[in-house]
Number of protein chains: 2
Amino acid sequence: MENIKRGLLIIISGPSGVGKGTIRKEIMDDETLNLAYSVSMTTRKIRDGEIDGKDYYFVSNEEFDRNIKEDNLLEWAEFVGNKYGTLKSEIERLRNLGKNVLLEIEVNGTKQVLQKCQGDDVLSIFLIPPSLEELENRIRARSTESEEAIQKRLAKAEKELKMQGDYKYVVLNDDRHRAANEIKTIIRQNIVKN
Amino acid sequence: MENIKRGLLIIISGPSGVGKGTIRKEIMDDETLNLAYSVSMTTRKIRDGEIDGKDYYFVSNEEFDRNIKEDNLLEWAEFVGNKYGTLKSEIERLRNLGKNVLLEIEVNGTKQVLQKCQGDDVLSIFLIPPSLEELENRIRARSTESEEAIQKRLAKAEKELKMQGDYKYVVLNDDRHRAANEIKTIIRQNIVKN
């Protein structure tokens, strides 16, 4: 009888502005990879067009804090006054269903996941920009932030780039189709059925 | 600061034909109860109009067996060659999100849940028909089965009715609106915020 393993946990991370979201969407479109996207929990207000349970799980601050206290989160972080995190039960459910679970998270979040999932089947992928200058161009192009906020973001990105050694794979995002295809190949090679 | 408890686990059970599904739908419509329906996993084929992840999680037999082996199921059972079960991670996720989770399951499934969730906040509700004759009428009215299958179902129902002592509440389904309202009141009284 065929023996089926539970799904992989795949992390796509990298500095702010490197293009994680775009690449993630392109990879998710490939149905042969049997991927499921892990929906994050957040305390931020729901925006027009967003769907609770699809874009995020929108919860109150009290609800979020209870989950921190009960150790229900695989990773979490706070940005501009809002908390964002990944429920262990969300990952567990999707892996139980045999899906390969895709997490698109910040560098700091990955650190927490790797600490908690030692020895587990975690496929960690770090996206890097062609250069720091190119990253700066991308951040400026899509930003409506103040110069000060942009400078902060850049300094953080530079620091985050140094964390790439913690990842199993480092992928250059020179072209999003090429990079997405490289990641698809990596995922395919890691989907092992015993 | 307000301290928030995780959601309740609510089981609605009772013999075949007693009207669990109808009552469940009526209760789910009450948004003030903050309910979420636990989606079951099954090996049966998806039917026209059904949505994977909404009606059921449709999985292969191998996937289901892996979950049995890994002890990922809160309860499961086999009917006419298909397996049906509840993932622990599904319940966990919904309770983490602060939802009161509604499980509509068979009597045998409840037994498994109550054994595994001792001391946990489980609200178990057993639906009973006005009489065995009335149950027989209902089963016959909606059945396309053979006389033999109906007799089997009735014998099983009679046996299941004897399990009502295991439940916290027994509710008479004489009228679905009345019964649904009674259950809503029970749930409301059990939603405790410390």
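The values are calculated or read from the model by the stated rules, or taken from the named source; none is laboratory data. None of the values given here were measured: they were computed from a predicted structure. In this analysis, Cβ positions are derived from the backbone assuming ideal geometry, glycine residues included, and neighbour counts consider all displayed protein chains. Just so you know, the surface numbers come from the protein's heavy atoms only, side chains and all, with ligands and any DNA or RNA stripped out. Shrake-Rupley method; radii C 1.70, N 1.55, O 1.52, S 1.80 Å.
Looking at region B:1-43, which residues lose a minimum of 30 Å² of accessible area between their chain alone and all protein chains in place, measuring with a 1.4 Å probe and not counting ligands or nucleic acids?
Checking the loss per residue gives B:M1, B:I4, B:R6.
Tell me which residues come under 5 Å, amide H to amide H, from A:E75 once H is placed; ignore anything under 5 positions away on its chain.
Residues meeting the amide H criterion: A:T86.
Return the Rg/Rh ratio of region B:1-113 with Cα-based radii and a Kirkwood Rh. Before the final figure, lay out each step's value.
Values: Rg = 14.6 Å, Rh = 15.0 Å.
Rg divided by Rh gives 0.98.
Give the nm distances, rounded to one decimal, from A:G53 to the matching residue in every other copy, measuring between label points 7 Å along Cα toward the beta carbon; shortest first.
1.1
When only Cα pairs under 8 Å and 6 or more residues apart are kept, what is the percent relative contact order across region A:1-134? Could you put the intermediate results ahead of the total?
Details: 199 pairs, mean separation 58.0, N = 134.
Contact order relative to length: 43 percent.
Over the whole of B:144-153, what's the average partner chain Cβ count within 10 Å per residue? Rounded to a whole number, please. Intermediate values should be presented prior to the final figure.
Details: counts 0, 0, 0, 0, 0, 0, 0, 0, 0, 0.
Mean shielding by partner chains, rounded to a whole number: 0.
Taking a point 7 Å out from Cα toward Cβ as the label site, list the nm distances between A:I191 and the same residue in every other copy, smallest first.
Result, one decimal in nm: 4.2.
Accessible area per residue of the protein assembly as shown at 1.4 Å probe, in Å²?
Details: 19920 Å² over 388 residues.
Using a 1.4 Å probe on heavy atoms only, each residue of the protein assembly as shown averages 51 Å².
Could you tell me what percent of the accessible area of the protein assembly as shown is made up of carbon and sulfur, with a 1.4 Å probe and every protein chain present?
Within the protein assembly as shown, the accessible surface is 47 percent carbon and sulfur.
Under a 5 Å amide H to amide H cut-off, with H placed in plane at 1.01 Å, what residues pair with A:V171 once short-range neighbours are removed?
HN-HN under 5 Å from A:V171: A:F126, A:L127, A:I128.
Shape of the protein assembly as shown from its Cα gyration tensor (a ≥ b ≥ c, root eigenvalues): rounded if a/c is under 1.5, otherwise prolate when a/b > b/c, or oblate?
On the way: a/c = 2.74, a/b = 1.90, b/c = 1.44.
Verdict is prolate for the protein assembly as shown.
So what is log10(I(q)/I(0)) for region B:93-194 at q = 0.16, 0.19 1/Å, when the Debye sum runs over its Cα atoms only?
-0.84, -1.09
Can you list the residues of region B:75-96 that have at least 40 square angstrom less accessible area with all protein chains present than in their chain by itself, probe 1.4 Å?
Listed by number, the residues meeting the 40 Å² cut-off are B:S89, B:R93, B:N96.
How much of the DSSP beta bridge set in chain B is antiparallel, as a percent to the nearest 5?
30 percent
Taking one equal scatterer on every alpha-carbon of region A:111-153, how large is log10 of I(q)/I(0) by Debye at q = 0.19, 0.25, 0.26, 0.30 1/Å?
Each listed q corresponds, in turn, to -0.71, -0.83, -0.86, -1.03.
Rounded, prolate or oblate: which fits chain B, taking a ≥ b ≥ c as square roots of the Cα gyration tensor eigenvalues, rounded meaning a/c under 1.5, else prolate when a/b beats b/c?
In terms of gyration-tensor shape, oblate.
What's the total accessible area buried between chains B and A, using a 1.4 Å probe, rounded to the nearest 100 Å²?
The contact between A and B buries close to 2100 Å².
Defining the label point at 7 Å along Cα→Cβ, can you sort the distances from A:E148 to the same site in each other copy, shortest first, in nm?
Label-point separations across copies, in nm and ascending: 8.3.
Cα-Cα over 26 Å: which of A:K69/B:K54; B:K83/B:K184; B:K69/B:K111; A:K54/A:K168?
From the list (A:K69/B:K54; B:K83/B:K184; B:K69/B:K111; A:K54/A:K168), the Cα-Cα distance tops 26 Å for A:K69/B:K54; B:K83/B:K184; A:K54/A:K168.
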